[in-house]
Every structure is written in structure tokens, then in C-alpha cells.
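**Q** One structure, as C-alpha cells, below. Some questions next.
The values are calculated or read from the model by the stated rules, or taken from the named source; none is laboratory data. Quick caveat, the model's predicted, so the values are computed rather than measured. Every residue, glycine as well, gets a Cβ built from its backbone with ideal geometry; the counts of neighbours run over all protein chains shown.
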Amino acid sequence: MRFETLAIHAGQGPDPAYGAVMPPIYQVSTFAFEEVGRPGQFDYTRSGNPTRRALEDCLAALEGGTRGFVFATGMAAETTALALLSSGDHVLVHDDLYGGTYRILTTVVARQGVDVEFVNMRDLAKLEQAIRPTTRLLWTETPTNPMMNLLDLEAIATIARRAGVWTLCDNTFLSPYFQRPLDLGIDIVLHSTTKYINGHSDVVGGALIVKDPELETRLALLQNTLGTAEAPFDCFLVLRGLKTLALRMERHHENSLAIARFLESHPKVARVLHPWLESHPQHDLALRQTRGAGGTFSFRVKGGQRGAFALLGSVRIFTLAESLGGVESLIEHPWTMTHVSMPEEARAAAGITDDLIRVSVGLEHVDDLIEDLARALEQVSC
């Protein structure tokens with residue numbers, strides 16, 4: 001079946017109890033045993049729940065995996081994936097990534113005895129040289145947040161396989177509609193389902209998808225043992241949003257590319273970071289590895305932080321807020337918002353400066369969004 005059909009039907013046949021065409025919310029903590037020592041398909045919601053299973057099966061189908069796991073938040077998904085590691089293990093992480101991931105790696109994981117090392121994975125030779133006998137995981141994010149750099153997933157997966165190392169890719173920015181890392185050899189796909197997968201800014205969640213039997217077994221144990229799974233009602237909301245993912249992603253892509261082209265031609269914009277612009281240094285990789293760009297990208301405004309703040313304070317349709325992937329357009333300042341938990345030197349090394357603005361382009365009429373940014377840019381003094 002094609003993507004649009006899977007998003008509506010995978011894991012979501014009519015409910016066997018009453019024939020409901022949408023999976024019901026099984027808002028229950030426990031399930032009756034068939035007899036002593038013989039549970040049914042589900043026994044306790046922390047271990048499994050029909051509403052959650054429907055979402056997990058649907059995400060697995062969309063990503064081309066064999067098993068999906070959903071979690072209370074994107075960070076809960078990250079916590080569970082990182083629990084695959086033990087004290088003494090070495091993890092290599094791309095050096096340009098989401099601030100929350102940087103925070104958990106440096107303040108929690110490193111203190112548990114895991115050796116966390118940041119490396120520029122765009123340099124494949126440097127990546128290969130950084131792998132040690134104790135390396136267990138390569139952690140990737142592409143496009144990166146907020147710098148919109150791309151990583152060659154197929155090449156990274158090849159390097160990792162030769163070394164016997166797991167790979168993980170955060171696919172939040174593109175969703176399985178525009179990029180499928182498992183098809184490129186990646187072992188674990190991570191999502192903050194809060195973002196495009198749900199798409200309505202009304203629930204938080206996370207997901208991991210795999211197709212390796214060993215990882216299936218390990219992650220099932222960790223999800224149950226850590227208690228990080230998503231609640232049934234939240235799963236229902238994500239399932240509802242997921243059904244329109246294909247339609248939404250197409251509009252996000254169209255709107256964001258039109259706005260990126262407008263900004264690229266504006267005299268008060270220094271640079272636009274959008275992989276589907278021909279000016280992006282990795283545009284060829286974007287065309288080869290992805291089917292579209294989604295709605296999130298970044299740009300640098302002239303005038304430094306003062307210019308950025310002038311623009312951020314003048315928009316009317318874009319909302320100044322963190323997060324991304326919803327139907328409404330958001331705008332934020334990574335230096336003081338999403339990436340403020342990173343030390344200044346780490347932000348600067350990644351290219352996150354005080355003139356950088358990140359936008360999540362929604363589904364409003366694109367002309368209204370362009371007019372909103374044009375008005376705001378009038379307030380910028382270069």
C-alpha cells in the first residue's frame with residue numbers, strides 16, 4: 001500500500017468489539033486474564049495497550065520497520081534509546097543538534113559512565129577515525145536543528161555496519177513522508193511525534209522504530225521497565241493527526257520553499273538555510289536522500305541580535321514560540337530559546353549565533369505569511 005493509505009489504515013482495522021472505524025481510546029490501567037496464569041493479548045497498560053499498539057504499528061509501517069514504540073515525550077524516547085548503552089560504552093554524536101538532546105547527553109548520560117563524543121559527521125573520514133572498540137552508537141539528526149545541515153545517512157550506516165555499531169537518526173524534521181532512514185541502513189529511527197506526525201500542537205509524544213529483532217526485544221523491555229510509554233488518549237490524538245500527514249507535509253514544503261525564496265531575495269536577510277534551495281551547499285544530497293523539506297528552516301537577519309529581536313517582535317501571524325510542525329506558523333530565536341541550554345561556545349561552534357531565526361511554516365495562505373515577514377523586516381535596521 002502507498003503512504004497515504006498506510007497512514008489511514010495500517011494497524012487500524014475496525015475495532016473487534018463494536019466495529020468502530022477509528023481505534024477507540026482504551027483508557028484503562030489493567031485487563032482481565034482469561035484464567036489463572038493466562039493473560040489475554042494485553043495485561044497492563046504500561047506493558048501494552050490496544051490504542052498504543054495501533055499507533056506503534058502504523059508508525060512502523062510508515063517508516064518501513066517491523067516494530068514501533070511510542071513514548072510520553074520525544075525526550076522519553078531519547079531516554080529509552082540511550083538506555084541501550086552501558087557504563088564504559090562510547091557514543092558518537094553529530095556536533096550540530098537539538099539543544100535538548102545536547103543537554104541529556106552532557107548532563108545525564110555522561111554522568112552515568114557513558115563516554116559522549118561530538119564529531120562533525122559530515123566529514124566521513126573524521127567520523128570513521130573517531131570510532132573506537134567501545135563505540136556502540138552513532139547518533140544522527142538530519143536535517144540538523146537549527147542549522148539545517150544534512151548528513152549522508154547511507155554512508156554513515158555503511159561505516160557503522162563495518163564497525164558493528166548501531167545507528168540512530170532523529171527524523172522529526174522530515175517525517176517518514178519525506179525521509180525513511182531505515183531504507184538507508186539506519187538501525188533506529190527517532191521522532192518527536194509532538195511535531196509533524198501529530199501536527200496540531202495539542203499533544204507531546206515520541207517514537208522509536210526499528211526492524212532488527214534484537215533491538216525490538218531490547219526496546220520492548222526498556223519501554224516496559226522504564227515506564228516511558230505514551231498514554232492511550234495521547235496515542236489517539238497522534239493517530240488522528242497522522243491520517244493527514246501526507247497532505248500537511250506537501251503544504252508545509254510548498255509554503256516553506258516559497259518563503260525561503262522570498263527571504264533569500266530580501267536585502268535585510270543575510271543568509272537562508274533551506275536544503276531545497278539551490279544555494280544550500282548540500283542541495284544535491286537533499287535531492288538524493290529526501291522527497292521534500294517540510295516546513296522548518298532557519299535564516300540569518302542583518303543587524304545581529306538587535307535585528308533579530310526587531311523582527312521577532314513585529315510579526316503578527318507567526319507566533320513567537322518553541323516547537324514546530326503544527327498547522328500554525330511559529331518563529332523562534334535559537335540562541336535564547338531552544339538552544340539556550342547549550343554553552344555559548346558550543347552554540348557558536350555549531351554556527352548558532354544571535355542573528356539566527358528558525359521558522360516552522362504552517363498551513364496558512366503563503367501570501368499572508370510572506371506579507372507578515374515583509375512587514376516585520378521593515379522594522380529591522382541593518
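**Q** Look at A77 and say whether it is touching a Phe, Trp or Tyr at 6+ places or on another chain (Cβ under 7 Å), closer than 30 Å to V114 by Cβ, modelled with pLDDT of 95 or more and of a type in the set (A, V, I, L, M).
**A** Judged against the criteria, A77 is a match.
**Q** Any residue in region 1-24 that's surrounded by 14 or more Cβ atoms within 10 Å (Cβ to Cβ): show its pairings with residues that are of a type in the set (D, E) at Cβ separation under 7 Å, as long as the two are six or more apart or on different chains.
**A** Listed pairs, sorted by first residue: A10/D57; G11/D57; P23/D15; P24/D15.
**Q** Here's a follow-up. Just the residues that are touching a His at 6+ places or on another chain (Cβ under 9 Å) and hydroxyl-bearing (S, T, Y), please, taken from region 186-214.
**A** Within region 186-214, Y196 is the sole residue that qualifies.
Residue by residue, here is whether (1) within 26 Å of G164 (Cα to Cα); (2) buried (at least 19 other Cβ atoms within 10 Å of the Cβ) holds:
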position	(1), (2)
E34	no, no
G37	no, no
F42	no, no
G64	yes, no
L82	yes, yes
G88	yes, no
V93	yes, yes
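**Q** Of the conditions (1) in contact (Cβ under 8 Å) with a residue 60 or more places away in the chain; (2) in contact with a Ser or Thr (Cβ under 6 Å, 6 or more places away or on another chain), Y44 satisfies every one except a single condition; which number is it?
**A** In the conditions (1) in contact (Cβ under 8 Å) with a residue 60 or more places away in the chain; (2) in contact with a Ser or Thr (Cβ under 6 Å, 6 or more places away or on another chain), Y44 misses (1) alone.
**Q** Identify, from the list H200, H252, the residue that is within 17 Å of the chain's Cα centre (by Cα), surrounded by fewer than 17 Cβ atoms within 10 Å (Cβ to Cβ) and over 22 Å from A81 (Cβ atoms).
**A** That would be H200, the only listed residue that is within 17 Å of the chain's Cα centre (by Cα), surrounded by fewer than 17 Cβ atoms within 10 Å (Cβ to Cβ) and over 22 Å from A81 (Cβ atoms).
**Q** State all residues of region 285-316 that are without any contact (Cβ under 8 Å) to a residue 40 or more places away in the chain and within 24 Å of the chain's Cα centre (by Cα); if no residue qualifies, say none.
**A** Passing the criteria: L287, R288.
**Q** Here is a check on your reading of the model: is L150 assigned to a loop (DSSP other than H, G, I, E, B) and surrounded by fewer than 24 Cβ atoms within 10 Å (Cβ to Cβ)?
**A** For L150, the condition - assigned to a loop (DSSP other than H, G, I, E, B) and surrounded by fewer than 24 Cβ atoms within 10 Å (Cβ to Cβ) - is met.
**Q** Out of the residues in region 211-224 meeting the condition of being under 20 Å from V238 (Cβ atoms) and touching a Ser or Thr at 6+ places or on another chain (Cβ under 7 Å), tell me which one is surrounded by the most Cβ atoms within 10 Å (Cβ to Cβ).
**A** The qualifying residue surrounded by the most Cβ atoms within 10 Å (Cβ to Cβ) is Q223.
**Q** Within the bounds of region 146-162, is there any residue that is farther than 30 Å from I331 by Cβ, touching a residue at least 12 places away in the same chain (Cβ under 8 Å) and basic (K, R)?
**A** yes
**Q** Quick check on region 268-284: of everything there that is without any contact (Cβ under 8 Å) to a residue 60 or more places away in the chain and under 22 Å from Q305 (Cα atoms), which residue is surrounded by the fewest Cβ atoms within 10 Å (Cβ to Cβ)?
**A** For region 268-284, the residue satisfying everything is R271.
**Q** Does L137 meet the test of being in contact with a helix residue (DSSP H, G or I) (Cβ under 7 Å, 6 or more places away or on another chain), modelled with pLDDT of 95 or more and aliphatic (A, V, I, L, M)?
**A** Spelling it out, it is not the case that L137 is in contact with a helix residue (DSSP H, G or I) (Cβ under 7 Å, 6 or more places away or on another chain), modelled with pLDDT of 95 or more and aliphatic (A, V, I, L, M).
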